[in-house]
């Protein structure tokens, strides 16, 4: 958008302003370079922002400097240093705080304001020393103080915003750590229980919700025979497998030890069995170095009208116990009418 605007202004006023006649085509050319670089992917957004900001600063302050220094009298200087000019100079530090980090933005902003003060000073200091400036010196001094105060206010706001963003990121990171199992990187028991309580509490009578409780078969032997490092590697592999099999919207987590839990919203009894069976097949096809084939037992429970998180989990645990008692490496589901055994293999 800036390119046609610059070229339009240049075409309209190129005969009246020698600096504009030279600077605006160069500024438009730099913006063409930016656009091409962005479209081709050879220039990053940050670099593009800095190039555009530099073009704005050089073009505007250069034009202002030429106008102030070449002004024939103080009245002409006043025409250059209008409120509009003051606001434009104040806008450039705002752009600097958008483009750079807080510390660098302060340096760039002070450089911009310093350049503006230098431009004004080159013309007005001799006028002041000769006594021709008079009471207008106070007005110009007020402008300088306003610009410096504006930069100071911008810096304070940027620091507060930066600190707030850092605090938010720290809080989010701490929340993630508190809800993530350190070994496997999936949800931990705290998050699983919190989410399950929320979903059970929000579930209506006709809402389908299922849980799949998983316990690795003979996992104690793995730790006893191969050590806890190997056992940890098995747990990580199981976690990755379960996450890969789970559907979008399912929450997979480590319930504790060698137990895992899948919370499946909007899932009927039959769909929960299919999900559990898919997990069982995927795990049984997984092998671990020095350990071999990995199997697990699965207990499935579906949400009932009067369920709490713990009653739902208790019925899943009962179903899991039956699966292990029936030979392991199998899926069993418990419903209100009684247990239905779904045999999926042998230990």
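Here the relative contact order of the chain, from alpha carbon pairs under 8 Å that lie six or more residues apart, stands at 11 percent. Hydrodynamic radius of the range 189-342 by the Kirkwood approach over all distinct alpha-carbon pairs: 15.5 Å. Packing around the peptides 156-165, 187-196, taken as the average count of other Cβ atoms within 10 Å per residue, puts them in this order, highest first: 187-196, 156-165. A crude spin-label estimate for the pair residue 278 and residue 71, with each label 7 Å from Cα along the Cβ direction, gives 7.4 nm. Taking 7 Å steps out from each Cα toward its Cβ at residue 9 and residue 45 produces label points 2.6 nm apart. Angle of helix 45-69 to the longest C-alpha principal axis of the chain, folded into 0 to 90 degrees and rounded to 10: 10°.
Fewest-first ordering of 92, 174 by other beta carbons within 10 Å of each residue's beta carbon gives 174, 92. Packing here is the average count of other Cβ atoms within 10 Å per residue, and on that basis the peptides 266-276, 240-250, highest first, run 266-276, 240-250.
Seen through its C-alpha gyration tensor, with square-root eigenvalues sorted a ≥ b ≥ c, the range 1-132 comes out oblate because a/c lies at 1.5 or above while a/b is not bigger than b/c.
Counting neighbouring beta carbons within 10 Å and listing from fewest to most, the residues 26, 283, 95, 87 come out as 87, 26, 95, 283.
At a Förster radius of 35 Å, what calculated FRET efficiency corresponds to the Cβ-Cβ distance of residue 240 and residue 173, to the nearest 0.05?
Details: r = 23 Å, r/R0 = 0.64.
It comes out at approximately 0.95.
Axis of helix 228-245 versus longest Cα principal axis of the chain: the two differ by about 80°, to the nearest ten degrees.
Full extension of the segment from residue 145 to residue 197, taken as 0.36 nm per residue of separation minus the current Cα-Cα distance, would add 12.9 nm. Give me the angle, in degrees from 0 to 90, between the Cα long axis of helix 18-40 and the longest principal axis of the Cα atoms of the chain, rounded to the nearest 10. Roughly 10 degrees between the two axes.
Quick one: go through the range 117-142 and flag any residue whose amide nitrogen is under 17 Å from the point 7 Å out along the Cα-to-Cβ line of residue 87. No residues fall inside that zone.
Residues within the reach of a label modelled at residue 101 (point 7 angstrom out along Cα to beta-carbon, backbone nitrogen below 17 Å), restricted to the range 40-74, are 46-47, 50.
Fully extended, how many nm does the chain gain between residue 78 and residue 290 (0.36 nm per residue separation, minus their Cα-Cα distance)? Present the calculation step by step, with values, prior to reporting the outcome.
Numbers: separation 212, 0.36 × 212 = 76.32 nm, distance 8.53 nm.
The span from residue 78 to residue 290 would gain 67.8 nm if fully extended.
If R0 is 30 Å, what FRET efficiency do you get for residue 183 and residue 310 from their C-beta distance, rounded to 0.05? Working shown, then result.
Values: r = 25 Å, r/R0 = 0.83.
The calculated FRET efficiency here is 0.75.
Model label points for residue 190 and residue 137, set 7 angstrom from Cα along the Cα-to-Cβ axis, are 6.6 nm apart.
What percent do you get for the relative contact order of the range 39-146 when only Cα pairs under 8 Å and 6+ apart count? Let's see the in-between values first.
Numbers: 48 pairs, mean separation 28.9, N = 108.
Relative contact order comes out at 27 percent.
Helical content of the chain, expressed as a calculated mean residue ellipticity at 222 nm, amounts to -22500 deg cm²/dmol (DSSP H runs of 4 or more residues, -39,500 (n - 2.57) each, divided by residue number, nearest 500). The residues 255, 310, when put in order of fewest to most other Cβ atoms within 10 Å, stand as 310, 255.
Just so you know, all these numbers are worked out from the coordinates, no wet-lab data involved. For clarity, every value in this text was computed on a predicted model and none was experimentally measured. Note that each Cβ is placed from the backbone with ideal geometry, even for glycine, and that neighbours are counted across all protein chains shown.
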